[in-house]
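Encoded as structure tokens, the structure appears first; notes follow it.
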């Protein structure tokens, strides 16, 4: 890494290359941190977590007990050993608490003064963080599996909602009303997610084995229905035409640049799709154990080269190389099945929640071998200093000083 620093100081390397290299090194060094605890608030399993994108400091969690908690991830103690405290909770004693299992929580993308939760009590609530009271409550006729707000939208304030009803609901945050439905699925919609690249593009995953991509400005139907066989009818049975998986599709995630969609199904497969064409890229991730009947929350790294996928796999978290499908690591620490994980792009950390009621923090660890490698890189950089363009020699020396 010191070699990268020296090359950057000399102007020989792009600063982004250094950043990607360090981010990648940190992700590959993730380990369960014995010095960092997260307050245990939930009495039952944890279904969903979300880290705010503005400060990267506050984390939401929602549990099967209906409880919502907000944690402060910042360490102000100055000591390596600390606990991420729950700064506030919507507990069972609150009159506003969800009556049944909370399935999705999400911060408002533009500030931490508001967040949204949805649950099996057939409601989605928009919360004021200051008062911990709902500013708006959307009532549905069926259990809510998933909702999502766009992180880039400027021309709309829509929340996409997936319920037991096959129709996707679009709720307007400004007017407080349901304004539109998207029809096309034939079973419950388990996961929805807006594209991080185009504000009107939405993807949905359903128990009907299908994944659809929508442009919400169009009323005529979906843009794409993802087909695992890429249109080759000789490989598809009559029942499996235009299906993304051979089972319920309960996991859905865009990559950070919005160019690809990742899906996971109860057929124990994960697939990578071109989000523009809908083509199955045929990356083979092998068997990805998926026993969940509800939404499975997995996540993709950002700023690495290559990028990595973190997906719950039983009581472990499997880490795959995004574009090759190579299994890079298996993180073990939970005592029961993992239901959700969230990547922190500012620090390349990972947080996971499971049916054991615990939230675990996975942080980069620098091993002795890494230190030795960095030392060797530094020596090589010093040896190569004489080959640097003389115009950079003075700048190099002054920077080293």
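Assorted remarks:
- Test for residue 177: is it over 25 Å from residue 58 (Cβ atoms) and surrounded by fewer than 16 Cβ atoms within 10 Å (Cβ to Cβ): yes
- The one condition from (1) without any contact (Cβ under 8 Å) to a residue 60 or more places away in the chain; (2) surrounded by fewer than 19 Cβ atoms within 10 Å (Cβ to Cβ); (3) over 25 Å from residue 121 (Cα atoms) that residue 53 does not meet is (1).
- Within region 14-34, the residues that satisfy the criterion of being outside any helix (DSSP H, G or I) and in contact with a strand residue (DSSP E or B) (Cβ under 7 Å, 6 or more places away or on another chain) are 29, 30, 31, 32, 33.
- Close pairs (6 angstrom Cβ cut-off, 6 or more residues apart or separate chains): surrounded by fewer than 18 Cβ atoms within 10 Å (Cβ to Cβ) in region 356-371, at pLDDT 95 or above and outside any loop (DSSP other than H, G, I, E, B) anywhere: 365/31
- Counting only strands (runs of 3 or more DSSP E) that sit completely within region 271-375, zero hold 3 or more residues that are on the phi < 0 side of the Ramachandran plot and touching a helix residue (DSSP H, G or I) at 6+ places or on another chain (Cβ under 6 Å).
The values are calculated or read from the model by the stated rules, or taken from the named source; none is laboratory data. In this text the structure is predicted, and so the values were computed from the model without any measurement. Every residue, glycine among them, receives a Cβ derived from its backbone with ideal geometry; neighbour counts consider all protein chains shown.
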